[in-house]
1. Helix 214-230 versus the longest principal axis of the chain: what is the Cα-based angle in degrees, 0 to 90, to the nearest 10?
2. How far is helix 92-102 tilted, in degrees, relative to the longest principal axis of the Cα atoms in the chain, given as a value from 0 to 90 rounded to the nearest 10?
3. Could you give the length gained by full extension between residue 22 and residue 314, i.e. 0.36 nm per residue of separation minus their alpha carbon distance, to one decimal place?
4. Gaussian network model of the chain, Cα springs within a sub-10 Å range: biggest mean-square fluctuation belongs to which of 235, 149, 15?
5. On average, how much area does the Cα convex hull of the range 149-212 cover when viewed from any direction, in nm²?
6. Among the DSSP beta bridges whose two residues both lie in the chain, what percent are antiparallel, rounded to the nearest 5?
7. Please build a GNM for the chain, connecting alpha carbons under 10 Å apart, and tell me which residue among 246, 128, 153 fluctuates the most.
8. So how far apart, in nm, are the two label points at residue 123 and residue 228 if each is 7 Å from Cα heading toward Cβ?
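No lab work stands behind these numbers, since they all come straight from the coordinates. All figures in this text were calculated on a predicted structure; none of them were measured in a lab. Note: ideal-geometry Cβ built from the backbone for every residue, glycine included; neighbour counts use all protein chains shown.
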Ligand code: AVJ
């Protein structure tokens, strides 16, 4: 048995969809956390976004991993690779290919909210790498990392937090989450962190509003999730997708904009609200980092950068850090 599935119990109570909707939707300023995008349809739409010509972060990170995986693996010589938000593990394959070439055979610990995609990907991985053992962990990583069934054998761990997902967190949340990761790290363990970088507004906004409309469909899919899970009657066609870069906060904001005034009923909450024409719901922030912001983020977490791999003209960065 080279594939085990662990369901990770939350360490602390996190608000559920009903609570987040009650807090975020009923009155302006309206917002919802981005984690509810990723039902099965949303996860598939996200994969389609990654293949659009406009959404450069996935390709940038894959290109970096192609180049630097061997250096990272040779440098850390991990006994374990832990990945937070592993998705379909596509990019992680570059690291395993490097492991194979170097004869270094870590155990893989992917952690993901949607177990199906993770388990399918893990099955494909163990078929391709005969030395690989996967300890798949399903759960919500924002509910705490303390309950992860991590190895206690003292082997070095390489922790991956890729895709620029740290940018989905507000600054204080990002600091707290990195501090939590650092608290799990023993001397010798390393963190490989992917961060999207500040760049021209046109490139950023296009990446979050692709011409084929996958990002718009991904954003609007949140309405389907709310309607299905909360007995809602939000009109999907009554909203349009909008992505704007806020320079001051250095972040992309994705919003759903009401096309006309209407009333929404959320049966599961026993609540209604009125939304005016042009009113917006903030559905995701995706922060973009300057060099100074990266330095600050690592410093506050108590991390020491051991390598920085920028893509192209600082389009995207992978940072390797130890505590
Ligand atoms: C997977 C969270 C990194 O913020 O760029 C892509 C999600 N949203 N297009 C990002 C996303 C819209 C993505 N992360």
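1. 70 degrees
2. So the inclination is approximately 10 degrees.
3. Result: 101.1 nm gained on full extension.
4. The residue that fluctuates most here is 15.
5. Across all orientations, the range 149-212 yields a mean hull projection of 6.4 nm².
6. 60 percent
7. Among 246, 128, 153, the largest mean-square fluctuation in the Gaussian network model of the chain belongs to 153.
8. With each label point 7 Å from Cα toward Cβ, the separation is 2.1 nm.
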